[in-house]
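**Q** Would you mind keeping the following structure in view while I ask a few things?
The values are calculated or read from the model by the stated rules, or taken from the named source; none is laboratory data. Every value quoted in this text rests on a predicted model; they were computed, and no experiment measured them. For neighbour counting, all protein chains shown are included, and Cβ atoms are generated from backbone atoms with ideal geometry for every residue, glycine included.
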Amino acid sequence: MTEPYYRYATSDDVEKVAALIERAYRGPEAATGWASEAHLLTGPRTTEKEIAALVADRDSRFVLAEIREVLVGCALIQKDGDDAYFGMFSIEPSQQIAGLGKALLAKAEKAARDLWASKAMTMVVINLREELIAWYERRGYLQTGHREDFPFSPTAGETRRDFDLIELKKVF
């Protein structure tokens, strides 16, 4: 794998960040990959408006990974008290299983510590995503026991409703 260049997103990146998130979570490119949610949800994962608001928020950052100036990964980190929240983790489907996800996760953790002196990072994951949960657990994240209802909506396009979100946390 060519070593990626990492940086924070700017307002110029909103469109390509939103497009990457859609491809990684719901797009046909990801439908056969292990990281896809396409079998559970068919509606949009996000909007350019939501991404633009997050990029403009001083307590949020998108950590981007680029190879040869092409966006191949992104992760949202947000200040959350003494901790940080992690979400919208997206790897270009053609780049999955190449080690990029592990490297980008490490960069996001370091960014949370550097930016906000975060003591831990939390995230929520669909409880049915056992392979993904195991991947995070191998990287030091533990299930906290906290659960949240999934935010079903008229646009979610859920294929079933027998799932919720579980919280994972890693203490630095």
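**Q** Filter region 153-163 down to residues that are loosely packed, with under 14 Cβ neighbours inside 10 Å and of a type outside the set (V, I, T) and give me whichever is nearest to E130 (Cα to Cα). Quick ask: steps written out before the conclusion?
**A** Pass one, region 153-163, residues loosely packed, with under 14 Cβ neighbours inside 10 Å: 153-155, 159-162.
Right, trim to of a type outside the set (V, I, T) and you get 153-154, 160-162.
Numbers: S153: 23, P154: 26, R160: 16, R161: 16, D162: 14 Å.
Residue satisfying both the conditions and the ranking: D162.
**Q** Looking at K110, K119, which one is surrounded by 13 or more Cβ atoms within 10 Å (Cβ to Cβ), in contact with a Phe, Trp or Tyr (Cβ under 9 Å, 6 or more places away or on another chain) and not aliphatic (A, V, I, L, M)?
**A** Working: K110 fails: in contact with a Phe, Trp or Tyr (Cβ under 9 Å, 6 or more places away or on another chain).
Going through K110, K119 in turn, just one is surrounded by 13 or more Cβ atoms within 10 Å (Cβ to Cβ), in contact with a Phe, Trp or Tyr (Cβ under 9 Å, 6 or more places away or on another chain) and not aliphatic (A, V, I, L, M): K119.
**Q** With R160, R113 as the choices, which residue is touching a residue at least 12 places away in the same chain (Cβ under 8 Å), under 14 Å from L41 (Cβ atoms) and not hydroxyl-bearing (S, T, Y)? Spell out the reasoning first.
**A** Working: R113 fails: under 14 Å from L41 (Cβ atoms).
The match here is R160.
**Q** Out of A38, A84, A75, A24, report the one residue that is in contact with a helix residue (DSSP H, G or I) (Cβ under 9 Å, 6 or more places away or on another chain), modelled with pLDDT under 95 and buried (at least 21 other Cβ atoms within 10 Å of the Cβ). Write out each step before concluding.
**A** Values: A38 fails: buried (at least 21 other Cβ atoms within 10 Å of the Cβ); A84 fails: modelled with pLDDT under 95; A75 fails: modelled with pLDDT under 95.
The unique qualifying residue is A24.
**Q** Only one residue in A75, A120 is under 20 Å from E37 (Cβ atoms) and small (G, A, S), so which one is that? Give the derivation first.
**A** Numbers: A120 fails: under 20 Å from E37 (Cβ atoms).
So the residue among A75, A120 that is under 20 Å from E37 (Cβ atoms) and small (G, A, S) is A75.
**Q** Does K102 meet the test of being in contact (Cβ under 8 Å) with a residue 12 or more places away in the chain, buried (at least 17 other Cβ atoms within 10 Å of the Cβ) and in contact with a Phe, Trp or Tyr (Cβ under 9 Å, 6 or more places away or on another chain)? Step through it out loud before you land on a result.
**A** On the way: in contact (Cβ under 8 Å) with a residue 12 or more places away in the chain: yes; buried (at least 17 other Cβ atoms within 10 Å of the Cβ): no; in contact with a Phe, Trp or Tyr (Cβ under 9 Å, 6 or more places away or on another chain): yes.
Against the criterion (in contact (Cβ under 8 Å) with a residue 12 or more places away in the chain, buried (at least 17 other Cβ atoms within 10 Å of the Cβ) and in contact with a Phe, Trp or Tyr (Cβ under 9 Å, 6 or more places away or on another chain)), K102 does not qualify.
**Q** Filter region 122-151 for residues that are exposed (fewer than 14 other Cβ atoms within 10 Å of the Cβ), touching a strand residue (DSSP E or B) at 6+ places or on another chain (Cβ under 7 Å) and of a type in the set (A, V, I, L, M, F, W, C) and give the result.
**A** Within region 122-151, just L142 meets the criteria.
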